[in-house]
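Below: one structure, written as structure tokens.
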Amino acid sequence: MPAGGLGHHRAVTDRYLDDPDDPRLAEFIGLRDHELRRRRESPHGDLRGLFIAEGDQVADRALKAGYTLRAVLIDNTRTAALPASVPPDAVVYRAGPTVMVRITGYHLHRGMLASFDRRPVPPVDEVLAGHRRVVVLEGVANPTNLGVVVRSANALGMDALLLDPACCDPLYRRASRVSMGEVFALPYAHLDRLPDGLAPLRRDGFTTVALTPDPAAEPVDELGFGPADRVALLLGTEGAGLSDAALEAADRRVRIPMPGTADSLNVGVAAAIAFYELGRR
């Protein structure tokens, strides 16, 4: 099988696979099935040592962040060179449409899938060290929303991400794709369930600020924090928002003033507005 236009990759590194059951594809199979994906990518799954990145930009950012590449799977019709960050001796598999659809569930897959080894998630104290703007997520289980939050956090000056046990994995393929690979540049750690999970933040001098649509809360544009203040912004699950326990435990409650008729915003949109307000001070 010709190597096409794969730049620095030699034809000998390409392996053409036409059988969806080929064992070499095991770590790529099942990505459209939630349970199989959870097993393969979750920190608690039976293949918890890997994650999948989709698309050149996402894979490139994972490589530049220091994650170890396991293998690359590309569409057999691809002629474009792989990202320059892909090592010349990388294992590169080619597959036809039948195999790619079996793996992804659809024809559009951005031309490239890459599997990577995970790294140990650092403890909360290590992630908090030296940082002043932190986002805390409670129950954000939708990978698309998580990806939007992460991308906005990196763009608007947030330093780190903390996730409670009910949040989805930030390295899920869809979450990293929506974040455009920004998840690999944002330090993150796992918290205990809120409100107990807020204890490390209090110990390190953070003011915890809960975002809520409650009209009695302070307007977010009147927070008044300075650049030296350590602030942790709490955001809740899609629809229900933060739990009553988390709201009660927060030092302050803030809202985004909304003169329109909607009673709330998508968590990703709300997060971006709040990040901007914190960052511009």
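The values are calculated or read from the model by the stated rules, or taken from the named source; none is laboratory data. For clarity, every value in this text was computed on a predicted model and none was experimentally measured. Here the Cβ is made from the backbone with ideal geometry for all residues, glycine too, and neighbour counts use every protein chain on show.
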| query | In the list 277, 222, 182, which residue meets the criterion of being of a type in the set (D, E, K, R), within 30 Å of residue 68 (Cα to Cα) and out of contact with any Gly (no Cβ under 6 Å at 6 or more places or on another chain)? | reply | 182
| task | Evaluate segment 243-256: report whether one residue or more is of a type outside the set (Ser, Thr, Tyr), loosely packed, with under 15 Cβ neighbours inside 10 Å and either under 23 Å from residue 154 (Cα atoms) or touching a helix residue (DSSP H, G or I) at 6+ places or on another chain (Cβ under 8 Å) (or both). | result | no
| Failed criterion for residue 130 (all others in (1) outside any helix (DSSP H, G or I); (2) buried (at least 22 other Cβ atoms within 10 Å of the Cβ); (3) at pLDDT below 95; (4) not basic (Lys, Arg) hold) | (2)
| note | Looking across segment 161-203 at residues that are surrounded by fewer than 22 Cβ atoms within 10 Å (Cβ to Cβ) and of a type in the set (Gly, Ala, Ser), the single one that is farthest from residue 134 (Cα to Cα) is 166
| message | Considering only segment 211-219, I want to know if a residue exists there that is among the charged types (D, E, K, R), assigned by TED's automatic domain parsing to the domain that holds residue 265 and touching an Asp or Glu at 6+ places or on another chain (Cβ under 9 Å). | response | no
| Search result, residues across segment 75-107 that are assigned to a strand (DSSP E or B) and in contact (Cβ under 8 Å) with a residue 60 or more places away in the chain | 92, 93, 94, 95
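Inspect all residues belonging to segment 52-64 and state whether any of them is outside the structural domain of residue 191 (by TED's automatic domain parsing), crowded, with 19+ Cβ neighbours inside 10 Å and at pLDDT below 90.
For segment 52-64, residues outside the structural domain of residue 191 (by TED's automatic domain parsing), crowded, with 19+ Cβ neighbours inside 10 Å and at pLDDT below 90: present.
Residue by residue, here is whether (1) free of Cβ contacts under 8 Å to residues at least 40 places away in the same chain; (2) in contact with a Pro (Cβ under 7 Å, 6 or more places away or on another chain); (3) within 26 Å of residue 203 (Cα to Cα) holds:
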| residue | (1), (2), (3) |
| --- | --- |
| 218 | yes, no, yes |
| 229 | no, no, yes |
| 237 | no, no, yes |
| 260 | yes, no, no |
| query | Can you tell me which residues in segment 182-210 are charged (D, E, K, R) and not in a helix (DSSP H, G or I)? | reply | 192, 193, 204
